[in-house]
Amino acid sequence: MIPFLYGAGLFLLINMVLVFIRAVQGPTVIDRLLSINVIGTKCINLIVIAGLIFSRLDMFVDIAIGYGLLNYIAAVCTAKFYQHNKTLSPDSGASS
Amino acid sequence: MILGFDIISLSLILLCAVLALFIRDLMGSVIVFGAYSFLMCVVWACNGAIDVAFTEATVGAGVGTVFLVSTIYSTTRIDTFKKNRLLKQLFMFAVVCVVGVLLLKTVTDLPQWGDAGSPANTHLSAYYIENSIDQTHVPNVVTSVLADYRGFDTMFETCVVFVAFIGIFSLLRIRKSKTKNAATTSPTTELTLPPHQEVDSLIIKTASHLMVPFMQLFALYVVAHGHYSPGGGFQGGVILGASLILLAVSYNFKKALSILSEKKIILLVSLGVLIYAGIGVICFFLGGNFLDYSVLHKILPATDTIMARSHAMLGVEIGVALTVMVSMYGIYLSLSSNGRFDKGL
Amino acid sequence: MQFITSFILLVPFWFLMSGKFDMFHVVLGIISITIVSLWFGNMLIQSPKKSFPARLGEIFNFIPYLFWLLIEIVKSNIHVIKISLSPNIESCINPQFVTFKTSLKKDFSKFILANSITLTPGTVTVRISDSEFLIHALTDEVASGLPGDMESKVAKVFNERISK
Amino acid sequence: MTLIAIILIILGLFFFFGTSIGILRLPDFYSRAHAAGKADTLSTILIILGCALYYLDYSHYDLASFNVAFKLFVIIAFVFIGSPTATHAIMDAASSAGVEHWSKDKDKS
């Protein structure tokens, strides 16, 4: 079971790299926000899987709950920012 | 230590840092740094440093991004760094190279990962691991080290948070009497700020109604069970602060001030530090050293010297949690309203 | 009243999280729950006048809805993945904004409806203004099928009358 | 029991893969948000459910393991509330910031 969990974690990390490509090339800031949000959700799963690999899930699960609770504050806050400040990019020359 | 996880997440962290440098819109950089802290938490967790990972998770996901976003909201969004001075850039590049080489040189002198012969493992850690349960009845060694063996350190760390809040608050705060005197300049500053109107979304509001009580109860659980599971005063305090910030973000600024007014914020921040230092002073008066909790069994009911240490640790953690919670909230309010305390993000 | 209801709701949460039943931790738990429900009990319970049986009825009605929602979530995932793995992506989607008016009154049922719309195939709620939902739909067939029978299901759960 | 856990985790990983591919391939922001918002929720639920089953089986269903399983269930519940809300918040931000959505007619012209 441990090799399987190890493989699952590696697969999640590779997925994370794929999502990160979108954050690199994302034309707008909001695309980046979206992909970072997905990376955050993947981190919850990764921490739970790491807890199973260490076979001390009772210790790791608190971190995962903390993430699950706090993951969406950043998204909410950024959304509020864009509702006040209705321009997407400060200038046209935003490069990545 | 899980090697494959470490390698991929560390290289992703490097990519994040480089990407954040090259984005000109500061919002983009802030958001990319969100991913940086997520991945850093995974690295800590994969190396077994659970308490550090918990701190990183709460600070990175809960308050770090929010602070930076509210700072950008009250300042500017464009990276105004001038890129045309070649000589200056070359000089900076040289400085960075020298510092980097020095740091890499230091890395070779560090002990190997998990080296049993390194000084930290032969002297201190062994003592803590052997004696923690006997002397304090606390299974989580990190908590007993932080709150008991190195109580002075933690007290001054709490003071650092306190000073950070007081610094930000007193630097940014604009008194109303002063703005009246400077009435000629205030209209121009008003114009540079973005036009303000209250927006609130029903979905976000209802979701935060549902989440906030559970968040707070979870935070109190973290504070109360710091002896057995990762976490403790600091992490619980950050989650409490983040829940208050979530309420403030999903409503408007008036509601945020009605939860905790300015006066209460300053009072409670000081109260947290007072609880910590007060426990130390009580020990002092009972005939022990400052922060020597074992003498507290004279006034705590039904405890011996060992349980007194365990209970006093809980009291200390409550003080830390109070200071951290209220100072996080106060820093958010100061930053997002640009010190005016009338309207904000 | 709000205090008592939220206290009853929060007690199982604490004890299942804590898992320690000695005197010291029980007292700590009761103190914590009291603090939270005094401070934020009025957030968790938005409608203080409702009686306990009505609340229980809502919860019992909600469970079948939850199962239905889970099946819809699985469907929507298969739908999204089919689209994103299809060889020519641009021919099978036609993104568009759709608005519709709901006759649901309570905030909480609007919230449930909006999140259900987000989780069901091909639609995401973008904004709610009063009773108008702005929805982004991924394909034509999904856009024409809104709001479907979801609204009446939500209304049934929360005992609301809708004009249809 | 372990087999069920493995199947659940593999399903979750598959949905995550779908999310990643969707985020990379879909043409505009709004449709990417569809992929991110939905598949994320379900795959998190599946993976954490699988982990909970495996942990229960691994620790022979004792009392402490039920405690951990409840905590995992709490994560599921909060992701279930939080993830659609985050998607909605991001979409709302995009639409008020004026991100244009992709359509076939615009692509042809």
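The values are calculated or read from the model by the stated rules, or taken from the named source; none is laboratory data. Bear in mind the structure is a predicted one, so any value in this text is a computation, not a measurement. Glycine also receives a Cβ, built like all others from the backbone with ideal geometry; neighbour counts cover every protein chain displayed.
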Taking D:A39 and the conditions (1) touching a residue at least 40 places away in the same chain (Cβ under 8 Å); (2) over 28 Å from B:Q216 (Cα atoms); (3) touching a helix residue (DSSP H, G or I) at 6+ places or on another chain (Cβ under 6 Å), which numbered condition does it fall short on, given that it satisfies the others?
(1)
C:V98 passes all but one of the listed conditions (1) without any contact (Cβ under 8 Å) to a residue 24 or more places away in the chain; (2) in a strand (DSSP E or B); the exception is number (1)
Out of the residues in region C:14-50 that are surrounded by 19 or more Cβ atoms within 10 Å (Cβ to Cβ) and hydroxyl-bearing (S, T, Y), which is nearest to the chain's Cα centre (by Cα)?
C:S37
Output for region C:65-95, where each listed residue is more than 7 Å from chain D (Cβ to nearest Cβ), in contact (Cβ under 8 Å) with a residue 12 or more places away in the chain and either under 26 Å from D:E100 (Cβ atoms) or in contact with a Cys (Cβ under 8 Å, 6 or more places away or on another chain) (or both)
C:H79, C:I83, C:C92
Selection from region C:53-79 of residues that are within 30 Å of C:E160 (Cβ to Cβ) and either over 20 Å from the mean Cα position of the chain (by Cα) or among the aliphatic types (A, V, I, L, M) (or both):
C:P53, C:A54, C:L56, C:I59, C:I63, C:L66, C:L69, C:L70, C:I71, C:I73, C:V74, C:H79
Of all residues in region D:24-42, count the ones that are assigned to a helix (DSSP H, G or I) and facing chain C (nearest Cβ under 8 Å).
11
Listed residues B:A224, B:A219; which is closer than 29 Å to D:P84 by Cα and buried (at least 24 other Cβ atoms within 10 Å of the Cβ)?
B:A219
Residue by residue through region B:1-26, note down the ones that are facing another protein chain (nearest Cβ under 7 Å) and polar (S, T, N, Q).
B:S9
How many residues of region B:124-147 are in a helix (DSSP H, G or I) and under 15 Å from B:G231 (Cα atoms)? The answer is 7
Condition check: out of contact with any His (no Cβ under 8 Å at 6 or more places or on another chain), within 26 Å of B:G231 (Cα to Cα), among the acidic types (D, E) and surrounded by fewer than 20 Cβ atoms within 10 Å (Cβ to Cβ). Does B:D6 satisfy that?
yes
Out of curiosity, is C:L44 at negative phi, at pLDDT 80 or above and not charged (D, E, K, R)?
no
Which one of these does B:T108 not meet: (1) surrounded by 10 or more Cβ atoms within 10 Å (Cβ to Cβ); (2) part of a helix (DSSP H, G or I)?
(1)
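Every residue, every condition in (1) of a type outside the set (A, V, I, L, M, F, W, C); (2) crowded, with 24+ Cβ neighbours inside 10 Å; (3) part of a loop (DSSP other than H, G, I, E, B); (4) facing chain D (nearest Cβ under 8 Å), yes or no:
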| residue | (1), (2), (3), (4) |
| --- | --- |
| A:I36 | no, yes, no, no |
| A:C43 | no, yes, no, no |
| A:I53 | no, no, no, no |
| A:D58 | yes, no, no, yes |
| A:D62 | yes, yes, no, yes |
| A:G66 | yes, yes, no, no |
| A:L69 | no, yes, no, yes |
| A:A74 | no, yes, no, no |
| A:T78 | yes, yes, no, yes |
Spot the failing condition for A:R32; the list is (1) at the interface with chain D (Cβ under 9 Å from one of its Cβ atoms); (2) under 17 Å from the mean Cα position of the chain (by Cα), and only one is missed.
(1)
Going through region C:114-138 in order, the residues found to be within 11 Å of chain B (Cβ to nearest Cβ) and either part of a strand (DSSP E or B) or crowded, with 22+ Cβ neighbours inside 10 Å (or both) are C:A114, C:N115, C:I117, C:T118, C:T125, C:V126, C:R127, C:I128, C:S129, C:F133
Please work out if B:S29 is more than 8 Å from every other protein chain (Cβ to nearest Cβ), in contact with a Gly (Cβ under 6 Å, 6 or more places away or on another chain) and not in a strand (DSSP E or B).
no
Just one of the numbered conditions (1) facing another protein chain (nearest Cβ under 7 Å); (2) farther than 24 Å from B:H209 by Cβ; (3) at pLDDT below 85 is not true of D:S95; which one?
(2)
Among (1) assigned to a helix (DSSP H, G or I); (2) of a type in the set (V, I, T); (3) at pLDDT 80 or above, which single condition is C:V142 missing?
(3)
Flag for A:T87 being buried (at least 17 other Cβ atoms within 10 Å of the Cβ) and either within 7 Å of chain D (Cβ to nearest Cβ) or within 30 Å of B:Y332 (Cα to Cα) (or both)
no
Picking from D:I21, D:I45, D:I81, D:I75, the residue that is free of Cβ contacts under 8 Å to residues at least 60 places away in the same chain, in a helix (DSSP H, G or I), β-branched (V, I, T) and more than 25 Å from A:I73 (Cβ to Cβ) would be D:I21
Does B:A120 count as more than 20 Å from A:A75 (Cα to Cα), of a type in the set (A, V, I, L, M, F, W, C) and in contact with a Pro (Cβ under 9 Å, 6 or more places away or on another chain)?
yes
Those residues that are within 13 Å of chain D (Cβ to nearest Cβ), part of a helix (DSSP H, G or I) and of a type in the set (G, A, S), I need them from region C:1-47; list them, please.
C:S18
Residues to consider are B:V324, B:V281, B:V295; find the one that is assigned to a helix (DSSP H, G or I), closer than 25 Å to B:G241 by Cα and not charged (D, E, K, R).
B:V324
Looking for something at pLDDT 85 or above and assigned to a helix (DSSP H, G or I) - is there at least one such residue anywhere in region B:171-179?
yes
Can you find a residue that is within 12 Å of the chain's Cα centre (by Cα), among the aromatic types (F, W, Y) and at pLDDT below 90 anywhere in region D:48-62?
no
Just need a number here: residues in region B:227-269 that are surrounded by fewer than 19 Cβ atoms within 10 Å (Cβ to Cβ) and part of a helix (DSSP H, G or I).
11
